[in-house]
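> What follows is a single structure, and I will ask about it in a moment.
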Amino acid sequence: MSILFQQARLLNPVDGIDAIGSIRVSEEGIIEKLSIGSNPLTPEAGERIIEMGGRILSPGLFDMHCHFREPGQEYKETLESGAAAAAAGGFTGVALMPNTRPVIDSPLGVAFIRHHAGGLPVDLEVIGAMTVESRGEGLAPFGKYASYGVTAVSDDGSAIQNSQIMRLAFEYASNFNLLVIQHCEDRSLTAGGVVNEGMYSTQLGLKGIPDISEAMMLARDLLLLRWLEEHKLHDPLQRPRYHAAHISTEASLNLIRQAKKDGLLVTCEVTPHHFTLCDEDMFNAEEKGSYIMKPPLSSARNREALLEALRDGTVDAIATDHAPHASHEKQCPPQEAAFGIIGLETSVGLTISQLVERNIISMQRAIELLSVNPRKIMNLQPISFKEGSVANFTLIDPLIEWKVTADKLHSKSINTPFIGKTLKGKAIGIYHKGRLQET
Amino acid sequence: MHSLKNWRNSLRTGKRPGGKHPCRKASFPVQKNVQYILQQMTPDNKPIPMADMNHLTGLSGLSADSITGLLDTAAGFKQTLRSPNASFSPTLKNRRIALVFFENSTRTRFSFEIAARNLGAGTLGFSAASSSVSKGETLSDTIKNLEAMQVDAFVLRHPSSGSAKLISRITPKPVINAGDGSNEHPTQALLDMFTLREHFGSLKGLKVTIIGDVLHSRVARSNIYGLLRAGAEVGLCGPVTLIPPDAEKLGVRLFTDLDRAIAWADTAIVLRLQLERASGTYLPSLEEYSRHYGLTDERLERTGKHLLVLHPGPINREIEISNHVADRIQPPGYSKSMLLEQVTNGIAIRMAVLETLLGGTP
């Protein structure tokens, strides 16, 4: 049975479309007909009709930074529950960080996730560990990753601290045209730290994490990249591609700006929680567990810098760093709390409430940040609305106001500071793998 | 004499001596090593041929004429080597050649020894473990002491790059580099070039791809300098981590895809993955290296190339080279292994080097 999406706001930066129109998808999941304009398509016999009423139909959203905890910590999340949360949040694909137990540092691990991904409603892209067990010592088998279709490597959760190993990782990644995703953190500065270092950490008596610890590591990486580009990684060899994960400070953003200006192949992402909250929110929170993450919620000034970087285009992607933890790992003294919060089901709402509604970015830019760019950065096929293309959509109601409640979350964990908050804008469904899933 | 002592001390301590290099003050004649030859280029930029060659510390800076001269001399020796009752005129009779080996070697050491004996010279073995080096003697002192025993030439293998050049400055006796660190191994490159020239007729325009751990390879460096000087084209292929920085500035092509390197090349010099030299941290595993950079029949068939295959030895079977490729000499229409032929040619080349440096007036 084909499906007719009638009178949607078709918003696809890949095709340069932002207009009211209708789209027919065949039973096999192929776009049969695309009609721009306010005249509805004539339904075919037996066809299912979805009246969009001007709500948004965008290319499927992609979250390039998720932790689904399987294998090894299935009590926090499984591939299945994570995929359900992704679908509910409007994502048709996610990239999974390799810091599971065991770490995904071999083709076996990649095969494990691929094996379980088949029946799930969203695509699971595997990011391979950069070093064996992400210990920052020996290189992981990038060549094997590449032949298994892996497009990115990361030791997320940490950064390779040893500069020589990092240098080799950059070189070896370029050998197989893999993206290096770095969690920028200088561990010598952050060890034992819990929250952003400053007035609030002082008042709370908690060990602080100085915000420069992020830029410190980023600066090292960018210096390495510049040197490697000059002396080695240039034509005819592959240039290195670098993506800075969850950037949270002004100093980092300035480094990224300069690197882009210098022509390095550098991109960065920000998370909804970093552009929404700051350390003051953590300070004021009764239960601090869901305000503890890395990098920590930073100063108001750094949050303003993120908004400015979103506005001026320095930020390339929004990613959630979806990091589920069980209640006992969060309802504890802050310094004992596990780092990270879930984010898949609040990402669209926060992006629209905090950014689009406040005119920091346009709705079109929001789709670029949530779908087009992360796919491009990960070297995945762009999603087109051209007739004959495979249908991969997210349906978004940008006006609906809704309250985040724990019982409606699909994730196995509920560690989010946004429970009880009212957001504007929500993904109301996805169409992917030939199936429409409404939420 | 005082300044010489300072200089020696500086070698031991790693500090610069106060005065000038004592050897430049010529208590013995100024050394005409290859670098010197390079500086002595004639106005039309043609290097002076090998008549002036006192040492063989490397192929960097050695003129095309010197290289051709050595290959031609070796060709003569090889003819004799091939004949049933090979006998050479003992042109180096009563000469004593010190084989000073600070690193393990079977092939190169034997090869020099046989080459020397073929020419009537005597050899003195030396291995670091059983010598006074283990008592802390410096390289320079060891060499000066051997020189005082009236040794006529030094064949040096040493783990430190630049050591051959160093001792060529402190002794007037010919110094032949048998491999210094990751710097040069000139006789290996000469025998590779000899093998290629014998097979292809000429080195001009020949496309040679060097595969593997170029970063740590002295064989690769000597081959790059020698082959380019002789008019061949050189490609380097290996994982990026094992390709040295700014390599293209030496005038070579770079490949990270072995199939492309093979498709481009007429012949391949497969390097030994130097397991003992920390190739380890540069790679995730030998297995992955082998999968992407091992020379196998499967790969050669895929690219449809019947390469001439060289390897300096010793080989790591089924890591950088498959057994089939390493062992197959026949039939035509497949890749051809020159591995054992290279070893024979090594004798001829080393005879040519010894004859060139030591022949004529003592």
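The values are calculated or read from the model by the stated rules, or taken from the named source; none is laboratory data. Just so it is clear, the structure is predicted and the values come from calculations on it, not from any experiment. Cβ coordinates were reconstructed from backbone atoms using ideal geometry, including for glycine residues, and neighbour counts include every protein chain displayed. Side chains included, ligands, DNA and RNA excluded: accessible areas come from the protein's heavy atoms. Shrake-Rupley method; radii C 1.70, N 1.55, O 1.52, S 1.80 Å.
> In whole Å, what is the distance between the alpha-carbon centres of region A:360-374 and region A:425-439?
First find each Cα centre; the distance between them is then 18 Å.
> Keeping the other protein chains in place, figure out the carbon and sulfur percent of the accessible area of the protein assembly as shown, with a 1.4 Å probe.
51
> Turning to a different aspect of this structure: Return the lysines within reach of B:Lys207: Cα separation strictly under 27 angstrom, same-chain partners fewer than 8 residues apart disregarded; answer none if there are no such residues.
Here the lysines satisfying the reach criterion relative to B:Lys207 are A:Lys232, B:Lys46, B:Lys78, B:Lys249, B:Lys305, B:Lys336.
> So, with +1 on the Cβ of K and R and -1 on the Cβ of D and E, and no other charges, what is the size of the charge dipole of region B:211-333 about its Cα centre, to the nearest 20 debye?
Details: 14 positive and 16 negative charges, 75 e Å.
So the magnitude is around 360 debye.
> Over region A:300-437, how many pairs of lysines fall under 23 Å by alpha carbon, counting only those 8 or more apart in sequence or from different chains?
16
> Let me ask you something else. Post the alpha-carbon centroid distance, region A:117-153 to region B:145-175, in whole angstrom.
Answer, in whole Å: 52.
> A further question follows. A:Phe339 to A:Ala117: extension gain in nm, 0.36 nm per residue of separation minus the Cα-Cα distance?
Once the chain is fully extended between A:Phe339 and A:Ala117, it gains 77.3 nm.
> Separate question: Would you pull out the residues with amide H under 5 Å of A:Ile127's amide H, same chain only if 5 or more places away, H placed 1.01 Å from N?
A:Leu96
> A further question on this structure: If you fit an axis through the alpha-carbon atoms of helix A:107-117 and take the longest principal axis of the Cα set of chain A, what angle between them do you get, 0 to 90°, nearest 10?
The two axes meet at around 30 degrees.
> Continuing with this model, one more query. To the nearest 20 debye, what is the magnitude of the charge dipole of the protein assembly as shown about its Cα centre, counting +1 on the Cβ of each Lys and Arg and -1 on the Cβ of each Asp and Glu? It would help to have the intermediate numbers written out before the result.
Details: 84 positive and 85 negative charges, 819 e Å.
Its charge dipole is roughly 3940 debye.
> Pop out a list of residues from region A:110-144 that are at least 30 Å² less accessible with all the protein chains around than in their chain alone; 1.4 Å probe, no ligands or nucleic acids counted.
A:Leu139, A:Lys144
> Report the local net charge at B:Val155: Lys and Arg +1, Asp and Glu -1, summed over other residues whose C-beta lies under 10 Å from its C-beta.
+2
> Then there's this: Viscosity 1.002 mPa s, temperature 20 °C: Stokes-Einstein D of region A:1-58 from its Kirkwood Cα radius, in µm² per second?
Values: Rh = 11.2 Å.
Estimated via Stokes-Einstein, D reaches 191 µm²/s.
> Now, a different point. In whole Hz, what ³J(HN,Hα) sequence does region A:19-33 give by Karplus (6.51, -1.76, 1.60; θ = phi - 60°), x for Gly and Pro?
Result, rounded to whole Hz: 7, 6, x, 10, 9, 10, 10, 6, 4, 7, x, 10, 6, 8, 9.
> On to the next question. Can you pull the one-decimal nm distance between simple spin-label points at B:Ser161 and B:Ala64, each 7 Å off the Cα toward Cβ?
Those two pseudo-labels are separated by 2.7 nm.
> Compute the length gained on full extension between A:Lys408 and A:Ala45: take 0.36 nm times their separation in residues and subtract their Cα-Cα distance, giving the result in nm to one decimal.
Full extension from A:Lys408 to A:Ala45 adds 127.1 nm.
> Between A:Leu423, A:Leu179, A:Leu108, where does the largest GNM mean-square fluctuation fall for chain A, given springs only between Cα atoms within less than 10 Å?
A:Leu108
> Compare the Cα positions of A:Pro210, A:Thr405, A:Ile377 along the charge dipole of chain A (+1 at Cβ of Lys, Arg; -1 at Cβ of Asp, Glu; about the Cα centre) and return the one farthest towards the positive end.
About the Cα centre, the residue reaching furthest to the positive side is A:Ile377.
> Inverting the mean 1/r over all pairs of different Cα atoms, compute the Kirkwood radius of the protein assembly as shown and quote it in Å.
Taking every pair of different Cα atoms in the protein assembly as shown, averaging 1/r and inverting gives 30.5 Å.
> Just to confirm, what accessible area per residue do you get for region A:60-378 at 1.4 Å probe, in whole Å²?
Here the residues of region A:60-378 average 32 Å² of exposed surface.
> Name the residues of region A:228-243, by number, that are at least 50 Å² less accessible with every protein chain in place than in the isolated chain; the surface is that of heavy atoms, probe 1.4 Å, without ligands or nucleic acids.
Flagged in region A:228-243: A:His231, A:Lys232, A:Leu237.
> Okay, moving on. How much net charge surrounds B:Ala232 when only other residues with a Cβ under 10 Å from its Cβ are counted (Lys, Arg +1; Asp, Glu -1)?
Its environment carries a net charge of +2.
> Which residues, if any, in region B:202-246 lose at least 20 square angstrom of accessible heavy-atom surface (probe 1.4 Å) when the other protein chains sit next to their chain rather than the chain being alone?
B:Val240, B:Thr241, B:Ile243, B:Pro245, B:Asp246
> With the dipole of the protein assembly as shown worked out from charges on the C-beta (+1 for Lys and Arg, -1 for Asp and Glu) around the Cα centre, which of A:Val390, B:Gln188, B:Gly136 lies farthest toward the positive end?
Ranked along the dipole, the leading option is B:Gly136.
> Between B:Ala121, B:Gly304, A:Ala251, whose Cα lies farthest towards the positive end of the dipole of the protein assembly as shown when Lys and Arg beta carbons carry +1 and Asp and Glu beta carbons carry -1, centred on the Cα centre?
B:Ala121
> Placing +1 at every Lys and Arg Cβ and -1 at every Asp and Glu Cβ, with all other atoms neutral, what dipole size does chain A have around its Cα centre, in debye to the nearest 20?
That gives a dipole near 280 debye.
> Rounded to the nearest 0.05, what FRET efficiency do A:Thr202 and A:Asn254 give with R0 = 35 Å and r taken as the Cβ-Cβ distance? Could you check?
Working from the Cβ atoms, E equals 0.85.
> With axes computed from alpha carbons, what is the tilt in degrees of helix A:212-231 against the longest principal axis of chain A, rounded to the nearest 10 within 0 to 90?
Taking the Cα atoms of chain A, the angle to A:212-231 is about 80 degrees.
> Here's another thing I want to ask about it. Helix A:300-312 sits at what angle to the longest principal axis of chain A, using alpha carbons and giving 0 to 90 degrees rounded to 10?
Once rounded, the angle reads 50 degrees.
> Report the accessible surface area buried between chains B and A, summing both sides, using a 1.4 Å probe on protein heavy atoms only, in Å² rounded to the nearest 100.
Buried area (both sides, nearest 100 Å²): 1800 Å².
> Here's something else I'd like to know. Could you state the orientation-averaged shadow area of the convex hull built on the Cα atoms of region A:60-378, in nm² to one decimal?
For the Cα atoms of region A:60-378, the hull's average projected area reads 14.9 nm².
> Assuming R0 = 22 Å, can you tell me the calculated FRET efficiency for the pair A:Leu399 and A:Ser362, based on Cβ-Cβ distance, to the nearest 0.05?
The pair A:Leu399/A:Ser362 has a calculated efficiency of 0.90.
> Among residues other than A:Met216 whose Cβ falls under 9 Å from its Cβ, what is the net charge (Lys/Arg +1, Asp/Glu -1)?
So the surrounding residues net to -2.
> In addition: What are the lysines whose alpha-carbon lies under 18 Å from the alpha-carbon of B:Lys93, with same-chain residues fewer than 8 places away excluded?
B:Lys173
> So what's the gap between the Cα centers of region A:254-327 and region B:309-323, to the nearest angstrom?
The distance from the Cα centre of region A:254-327 to that of region B:309-323 comes to 51 Å.
> Among A:380-390, B:82-92, how do they line up from the highest to the lowest mean number of other beta-carbon atoms within 10 Å? Could the numbers behind the result be given before it?
Details: A:380-390: 15.5, B:82-92: 11.7.
Those peptides, ordered most packed to least, come out A:380-390, B:82-92.
> Convex hull over the Cα atoms of region B:148-254, averaged projected area in nm²?
Dividing the Cα hull surface by four gives the mean projection, 7.6 nm².
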